[in-house]
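Each remark here refers to the structure printed beneath this line.
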Amino acid sequence: MEPVYLNSRKKGKLKEKIDRLYRILESCEICPRKCRVNRLKGEKGYCKSGKDLMISSFNAHFGEEEPLVGSSGSGTIFLTNCNLLCIYCQNYDISHLGYGNAVGEEKAADYMIYLQEQGCHNINLVTPTHFTPQLVNAIDFAIKKGLHLPIVWNCGGYESAEIIKFLEGIVDIYMPDMKYGSSDSAKKYSDAPDYAERCEEAVIEMHRQVGDLIIEDGIAKRGLLIRHLVLPNNEAGSEQILKFIAEKISKNTYTNIMDQYRPAYKAHEYEKLRRRPNLKEYKAVVELAKKFGLERGETFRHSLRLW
């Protein structure tokens with residue numbers, strides 16, 4: 001299955017999208033925070049990012065979902081900074097503290113080609129939202145250098161559906177988090193009380209573009225993969241999220257219900273987040289998913305190992 005961006009470039013659509021996305025940076029509304037700063041002049045909003053693309057690392061990663069990892073790894077590129085800034089972020093040195101370096105778009109394209117040459121199955125852009133224009137431009141450079149791997153949009157879920165529409169014909173695999181079904185938790189832990197609404201709008205648009213996840217010979221080629229991190233004390237509002245996926249997206253949605261929460265960064269300051277979720281809490285969320293008919297994904301292949 002050929003990556004969708006190759007056809008888009010043949011039709012001359014990429015250049016127009018890049019130009020329009022960069023114009024949005026003049027009064028930035030790339031994410032739902034709509035800071036409206038002029039990033040092209042170096043002004044910075046909530047994500048602490050200006051014009052320059054910033055990358056913290058790139059490598060073949062073997063800790064992602066199995067259809068992304070395959071035998072040779074997922075070609076991850078970790079972007080610096082974040083538009084969400086969760087207080088329990090496990091990558092807080094990158095997202096909150098800004099660990100990384102300014103990298104030109106053509107240099108970022110070289111990283112993509114390097115990962116392709118290492119045999120990676122995809123180019124996995126981690127926390128890409130706030131650098132959408134720069135990354136689309138980098139993809140355009142990479143196509144000229146011979147890129148032919150699927151693009152994975154590995155995001156926190158706090159997306160503007162209008163911006164996601166720009167990515168149609170560019171992104172092959174969307175992998176959003178769905179973090180919160182509760183506005184109270186979203187406000188308390190990520191300063192984003194409208195998170196659930198904006199995330200749902202974006203995920204609906206993502207699924208419209210790419211559909212359910214298509215896997216060929218064990219490797220993901222196109223489609224939607226959703227992650228949901230179980231928080232202790234049901235602070236994520238998991239039931240609302242799973243019900244939304246089943247009723248508004250598809251019961252065939254590839255879903256990874258994750259159990260790896262740990263109280264990182266400032267989580268110790270919040271009583272309900274000071275511990276990991278226990279097995280009973282995690283199992284309850286998995287059972288909810290099954291109740292709603294969601295039985296496709298990472299969680300359901302491995303759950304028998306857990307109990």
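Quick notes on this one:
- Boolean, residue 46 is among the aromatic types (Phe, Trp, Tyr), assigned to a loop (DSSP other than H, G, I, E, B) and at pLDDT 95 or above: yes
- All told, residue 226 meets the bar of being under 15 Å from residue 171 (Cβ atoms), buried (at least 21 other Cβ atoms within 10 Å of the Cβ), of a type in the set (Val, Ile, Thr) and modelled with pLDDT of 95 or more.
- Identity of the residue in region 1-34, touching a Lys or Arg at 6+ places or on another chain (Cβ under 7 Å) and either closer than 18 Å to residue 161 by Cβ or of a type in the set (Ser, Thr, Tyr) (or both), that ends up surrounded by the fewest Cβ atoms within 10 Å (Cβ to Cβ): 27
- Residue count, region 247-261 (criterion: crowded, with 18+ Cβ neighbours inside 10 Å and in contact with a Gly (Cβ under 7 Å, 6 or more places away or on another chain)): 3
- Scope region 180-194; condition charged (D, E, K, R), touching a residue at least 12 places away in the same chain (Cβ under 8 Å) and assigned to a helix (DSSP H, G or I); matching residues: 188
- Residue 179 vs. criteria of a type in the set (Lys, Arg) and buried (at least 18 other Cβ atoms within 10 Å of the Cβ): yes
- Taking (1) free of Cβ contacts under 8 Å to residues at least 60 places away in the same chain; (2) touching a helix residue (DSSP H, G or I) at 6+ places or on another chain (Cβ under 7 Å); (3) at positive phi in turn, residue 218 satisfies each apart from (1).
- In region 35-64, the residues that are surrounded by fewer than 21 Cβ atoms within 10 Å (Cβ to Cβ), touching a residue at least 60 places away in the same chain (Cβ under 8 Å) and more than 17 Å from residue 100 (Cβ to Cβ): 60
- Region 89-105 residues that are on the phi > 0 side of the Ramachandran plot, paired with ones that are surrounded by 14 or more Cβ atoms within 10 Å (Cβ to Cβ) and among the small types (Gly, Ala, Ser) (beta carbon under 8 Å, 6 or more apart): 100/56; 100/57
- Within region 1-33, the set of residues being in a loop (DSSP other than H, G, I, E, B), closer than 18 Å to residue 206 by Cβ and either under 21 Å from the mean Cα position of the chain (by Cα) or free of Cβ contacts under 8 Å to residues at least 40 places away in the same chain (or both) comprises 3, 30, 31, 32.
- Screening 163, 143 for residues that are surrounded by fewer than 21 Cβ atoms within 10 Å (Cβ to Cβ), among the aliphatic types (A, V, I, L, M) and over 17 Å from the mean Cα position of the chain (by Cα) leaves exactly one candidate, 143.
The values are calculated or read from the model by the stated rules, or taken from the named source; none is laboratory data. None of the values given here were measured: they were computed from a predicted structure. All Cβ positions, even for glycine, are placed from backbone atoms using ideal geometry, and neighbour counts span all protein chains on display.
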